[in-house]
Amino acid sequence: MNRELFKKSNNLEKFTFIFDMIAIIAYIVLFLVFFGMLQYPIDPATNEVILEELEFFFPVYEFLGNNITYGQMNLIISILVIFMVVSVPMFVINYKKLRTRTVYEMDSYVASSKFTNAIINLLSLNIVGFVLRIWNMFIVIEFVKGYKPKDFFKSIIPAIKDKYKKITTKKEKIDESDYDDATYTLKKNIRRQNIAYVMRLLLTYFFLVFMALIIIIPFYWMILTSLKDFTGAVSTSPDFFIGLSRMNWINFKVVLEELNFGLYIRNTVTVAVFSTIGTVITTILSAYAFARIEFKGRELLFTILIMTMMIPGELYIITNFITVSKNGLGWVGTDNNSYFLAMIIPFVTNISFIFFLRQNFKQIPESLYKAARVDGCSDFKYLTRVMVPIASPTIFTITILNVFSSWNAYIWPRIITGVGGEEGKQFWLISNALRDTAFVQDNGRVMYNLQIAASTLVTVPLLIVFFAFRKYIMNGIGRSGTKG
Amino acid sequence: MELRLENLTKIFTNKTGTDLTAVDDLSITIESGTLVGLLGPSGCGKSTTLFMIAGLLKPTRGKIFFGEDDVTRLAPEKRGIGLVFQNYALYPHMTVYKNIMFPLENMDVPRDEAIQRVKDMAELVGIGSMLDRKPAQLSGGQQQRVAIARALVKKPRVLLLDEPLSNLDARLRLQMREEIKRIQRETGITTVFVTHDQEEAMSISDKMVVLDFGVQQQYSAPQEMYNTPANLFVAKFLGNPPINSFEAEVKGGFLMLNDQKFMKFKEVKDASYILGMRPEHFKVSEKDSEEKIKVDIKDIFHVGRDTMIHFELNGQNIRALVDSDSVGDKDKTVDLTCKRKRVYIFDKDTGKVINHG
Ligand SMILES: Nc1ncnc2c1ncn2[C@@H]1O[C@H](COP(=O)(O)OP(=O)(O)OP(=O)(O)O)[C@@H](O)[C@H]1O
Ligand SMILES: [Mg+2]
């Protein structure tokens, strides 16, 4: 085995990543540039968008001295989005593979996956990546099979011939009467089992595909509708596909800029980030205390905490509201509102996470603590240097679940931002905005395509997070139970 | 550095209020630079003793001295000890390098010196080429060496090892045993080595302590303990195959075996005793010898150089290991004898050995 070749292939792959990165950055920048160029009809009097005219507004854009029609613009943006959707996951997967693949896992499949990647590179106009990957493919082939590129091409035709021969020459049939009874039954059983296995496999996959379709179709429909124009979205005979140049990316721009979803997303991110930081800190500290530190009444205190989990969260809402309103801390309903405080502070701790992490901490062997003590490590340092890194998958799960629940929070933010009229509106979170924004034309028709575009904007980040970290999420849901 | 335990006692109180004396009034002095084996059956208080020396458990009574200093109330990190746990307790998320470096991070060792020390220590225990691996990527023996390196890198005054070889296979165990002995000799650190494997303790220690239910049974050099056990427990605990023990009477100064007069013990009073005789201390006697006993052979096995004979003494099955040439396959009976000082007579109630000169 030639480790030099393995190393060379890996280094080349690393080098290719640079160009992948450049390509991805280029896609993003171009996307932002073109998306930024999009225009929507504006009422000169009020300086607001005229929703009625949105679907009849076909401006001609100018880019580097070329005139681009509305349809071409949509086409360009669609292609850029497709490039991003393909190349980013590809990059992440390749990166993971590079880090984990050992010299023993290098086989012909790696070469073929390099080839596929190269083709994708070519299609997404990343020519350098294409060339490097093809080169890399030959290195891998040499590593696995020992063929130099020339030999490889020469070996193709004999290999095909060989395969063809194998398929065409029939297997010699053995007379079954030659077997004795035991062998015969054994063969029969093996055959029967094989058939059952194949059937089971088929059924399983059929079922999985079916379920996947049930889940995927609504998402597909959502994205599709969000890109249609109003007439298309409300049509009674809807299209199942639309061409790339008929994708109205302007919908997203209107939602982000004119319907203020940019602001709402920023608000939500702010709340999610701070409440998650708070939750993670309080969870780690209290889980550590309940798992490791011996103090009087520990079990009792923990039992009381666990018992509060049985009270439905809605019951707290009124008391919590009184606490933050002008009769309590005065965070809302006064002259001097701090909506963010009111939305974040009640959610900087979570009992079920504490329970979850405590169980995890308890599984870390006591002897590690003793070893750390002997090594002169303080409690706090032990927590940060040993416990937290070991429990980091769980902590990560907690983080993500908490981000999810902040992202989905509805009732509490709705109540808080409902106080103070227009001022409160500036602090809407996306869930409130989705519910309460008026996607209405002046003549009273609801712009469903815009509404769906807003939903897409809100859902897609979650989907990305989910796909990126599904291992951790399933882990957490499996153990702590769903909480919404 | 000398290590001295004075009347060390540890009593655990359960939630129900019952007391359990894990270590009972243990007093031993471990000379500087020696390796002492702490031996005893499972649950006899070995780990407890070790953790008290380490400072991880507070003794209920008694004192611990390192040299002249009373360290009974000192925090573990200030005692300058290195501890290797029964399960190694390596930090699973850190590389070998970081594991060994960890204790130094908590001391004020200059960075360059720390790195040098980690490298030297890794070389000493023979894991120099594995510094960037995680513990999960090491074999049991390698993990154990990392644990030893981590314990030694602080340049401790005392090294404490809690059954460090219990997870290894027989061959690796032998090898690591020698390795530990070598490292201990090279560094000259006073070492306490806990084990429940008597053979291991015998082969590695300069001196051994045997504990039973937290009570010290005997403290002496291994061979001495083997040859002159202080009580029945020690005699039974040491040796493989185990010692033969059975009831026997002394009548008129004679030790009676199978109603035959075996040996004369003038100093021993006439009474019933527990007798201990190691299989390998039996010999086929010379024709003219006085002190012998005729036994009926029940079974005979050849094990290489030696021959194992099974027979009965005072109604008890006894094994003897004798020279192959001295007994024939067809022999129905054989005359056996044993050196006088290798016949151990124990008190029937206390189990204490009775000196018979
Ligand atoms: N924290 C504790 N609380 C109560 N009892 C304990 C505690 N730790 C140990 N014991 C008891 O003290 C006795 C001695 O335990 P110790 O761990 O010292 O045994 P050991 O000799 O190391 O055994 P092993 O060879 O199995 O490791 C045991 O009976 C054990 O049940
Ligand atoms: Mg133990």
_Anything in the stretch B:9-26 that is surrounded by 10 or more Cβ atoms within 10 Å (Cβ to Cβ) and near ligand 1 (Cβ under 9 Å from one of its atoms)? List them, or say none._
B:Lys10, B:Phe12, B:Thr13, B:Leu20, B:Thr21, B:Ala22, B:Val23
*Only one of B:Lys264, B:Lys292, B:Lys236 is open to solvent by 60 Å² or more (accessible area, probe 1.4 Å) and more than 31 Å from the chain's Cα centre (by Cα); which?*
B:Lys264
*Right, A:Phe466: farther than 13 Å from A:Val254 by Cα and either surrounded by fewer than 19 Cβ atoms within 10 Å (Cβ to Cβ) or out of contact with any Phe, Trp or Tyr (no Cβ under 7 Å at 6 or more places or on another chain) (or both) or not?*
yes
*Can you name the residue in the stretch B:206-228 that is open to solvent by 10 Å² or more (accessible area, probe 1.4 Å) and part of a loop (DSSP other than H, G, I, E, B) and is also farthest from B:Ala122 (Cα to Cα) among such residues?*
B:Thr228
*asked:* Let me confirm something: among B:Leu152, B:Leu104, B:Leu131, B:Leu161, which residue is within 16 Å of ligand 2 (Cβ to nearest atom), of a type in the set (A, V, I, L, M), out of contact with any Cys (no Cβ under 7 Å at 6 or more places or on another chain) and within 20 Å of A:Ala371 (Cα to Cα)?
replied: B:Leu161
_Residues that are within 14 Å of ligand 1 (Cβ to nearest atom) and assigned by TED's automatic domain parsing to the domain that holds B:Leu161: does the stretch B:70-81 have at least one?_
no
*Residue ranges of strands (runs of 3 or more DSSP E) in the stretch B:266-357 with at least 1 members within 21 Å of B:Val250 (Cβ to Cβ)*: B:271-277, B:282-284, B:293-296, B:306-313, B:316-323, B:333-338, B:344-346
*Hey, could you check the stretch A:362-388 for residues that are among the charged types (D, E, K, R) and touching a residue at least 40 places away in the same chain (Cβ under 8 Å) and say which is surrounded by the fewest Cβ atoms within 10 Å (Cβ to Cβ)?*
A:Lys362
*Search the stretch A:16-57 for residues being of a type in the set (Val, Ile, Thr) and part of a strand (DSSP E or B), and hand back the single one that is most open to solvent (accessible area, probe 1.4 Å).*
A:Ile42
*Only residues in the stretch B:8-24 that are part of a loop (DSSP other than H, G, I, E, B) count as the first member; pair them with residues that are surrounded by fewer than 16 Cβ atoms within 10 Å (Cβ to Cβ) and of a type in the set (A, V, I, L, M), Cβ under 9 angstrom, at least 6 apart or cross-chain, and list the lot.*
B:Asn14/B:Leu20
*Subset of the stretch B:27-47 that is within 16 Å of ligand 2 (Cβ to nearest atom) and open to solvent by 30 Å² or more (accessible area, probe 1.4 Å) - its residue that is nearest to the chain's Cα centre (by Cα)*: B:Pro41
_Residues satisfying the stated conditions in the stretch B:181-215, i.e. more than 13 Å from ligand 1 (Cβ to nearest atom) and over 11 Å from the mean Cα position of the chain (by Cα)_ = B:Lys181, B:Arg182, B:Ile183, B:Gln184, B:Arg185, B:Glu186, B:Thr187, B:Gly188, B:Ile189, B:Thr190, B:Thr191
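Looking at the structure I just gave you, is A:Val254 part of a helix (DSSP H, G or I), closer than 30 Å to A:Thr397 by Cα and not hydroxyl-bearing (Ser, Thr, Tyr)?
No; evaluated as a whole, the condition is false for this residue.
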*Does the stretch B:248-261 hold any residues that are open to solvent by less than 20 Å² (accessible area, probe 1.4 Å) and assigned to a strand (DSSP E or B), and which are they?*
B:Ala248, B:Val250, B:Leu255, B:Leu257
*Members of the stretch B:88-101 that are facing chain A (nearest Cβ under 7 Å) and farther than 19 Å from B:Thr191 by Cβ*: B:Tyr91, B:Pro92, B:His93
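Of these, A:Ala233, A:Ala212, which one is small (Gly, Ala, Ser), outside the structural domain of A:Thr349 (by TED's automatic domain parsing) and exposed (fewer than 12 other Cβ atoms within 10 Å of the Cβ)?
A:Ala212
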*Find all pairs meeting these conditions: Cβ atoms under 6 angstrom apart; at least six residues apart or on different chains; first residue within the stretch B:175-189 and open to solvent by less than 90 Å² (accessible area, probe 1.4 Å); second residue in a loop (DSSP other than H, G, I, E, B).*
B:Met176/B:Leu165; B:Gly188/B:Gly33
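Filter the stretch A:446-458 down to residues that are surrounded by fewer than 19 Cβ atoms within 10 Å (Cβ to Cβ) and in contact (Cβ under 8 Å) with a residue 40 or more places away in the chain and give me whichever is nearest to A:Ile395 (Cα to Cα). If you could, list the steps in order and put the result at the bottom.
In the first step, residues of the stretch A:446-458 are kept if they are surrounded by fewer than 19 Cβ atoms within 10 Å (Cβ to Cβ); the result is A:446, A:448, A:455.
Then keep just the ones that are in contact (Cβ under 8 Å) with a residue 40 or more places away in the chain; that gives A:448, A:455.
Numbers: A:Tyr448: 39, A:Ser455: 29 Å.
Applying the filter and picking the extreme gives A:Ser455.
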_Among the residues of the stretch A:389-404, what is the count of those that are among the hydroxyl-bearing types (Ser, Thr, Tyr) and open to solvent by 50 Å² or more (accessible area, probe 1.4 Å)?_
1
*Residue under evaluation A:Ala372, criteria (1) closer than 26 Å to A:Tyr316 by Cα; (2) within 13 Å of another protein chain (Cβ to nearest Cβ), criterion not met*: (1)
*Quick one: is A:Thr276 closer than 30 Å to A:Phe361 by Cβ, assigned to a helix (DSSP H, G or I), open to solvent by less than 30 Å² (accessible area, probe 1.4 Å) and of a type in the set (Val, Ile, Thr)?*
yes
*Is one or more of the residues making up the stretch B:48-70 more than 13 Å from ligand 2 (Cβ to nearest atom), without any contact (Cβ under 8 Å) to a residue 60 or more places away in the chain and assigned to a helix (DSSP H, G or I)?*
no
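Residues are listed down the side, and each one gets a yes or a no for (1) basic (Lys, Arg); (2) under 23 Å from A:Ala391 (Cβ atoms); (3) open to solvent by less than 20 Å² (accessible area, probe 1.4 Å):
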position	(1), (2), (3)
B:Glu77	no, no, no
B:Tyr88	no, yes, yes
B:Tyr97	no, yes, no
B:Pro103	no, yes, yes
B:Gly126	no, no, no
B:Arg133	yes, yes, no
B:Gln143	no, yes, no
B:Ala151	no, no, yes
B:Lys154	yes, no, no
*Test set (1) of a type outside the set (Lys, Arg); (2) within 16 Å of ligand 2 (Cβ to nearest atom); (3) touching a Lys or Arg at 6+ places or on another chain (Cβ under 6 Å); (4) at pLDDT 90 or above - B:Ile204 fails condition number*: (2)
_Number of the condition not met by B:Gly82 [criteria: (1) assigned to a strand (DSSP E or B); (2) without any contact (Cβ under 8 Å) to a residue 24 or more places away in the chain; (3) at the interface with another protein chain (Cβ under 10 Å from one of its Cβ atoms)]_ = (2)
*Out of A:Gly476, A:Gly421, A:Gly481, report the one residue that is open to solvent by less than 20 Å² (accessible area, probe 1.4 Å) and modelled with pLDDT under 85.*
A:Gly476
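The values are calculated or read from the model by the stated rules, or taken from the named source; none is laboratory data. Keep in mind that this is a model prediction, so the values were computed, not measured. Ideal geometry is used to build each Cβ from the backbone, glycine not excepted, and the neighbour counts take in all protein chains shown. To get the accessible areas, we keep the full protein, side chains included, count just its heavy atoms, and leave off ligands, DNA and RNA. Shrake-Rupley method; radii C 1.70, N 1.55, O 1.52, S 1.80 Å.
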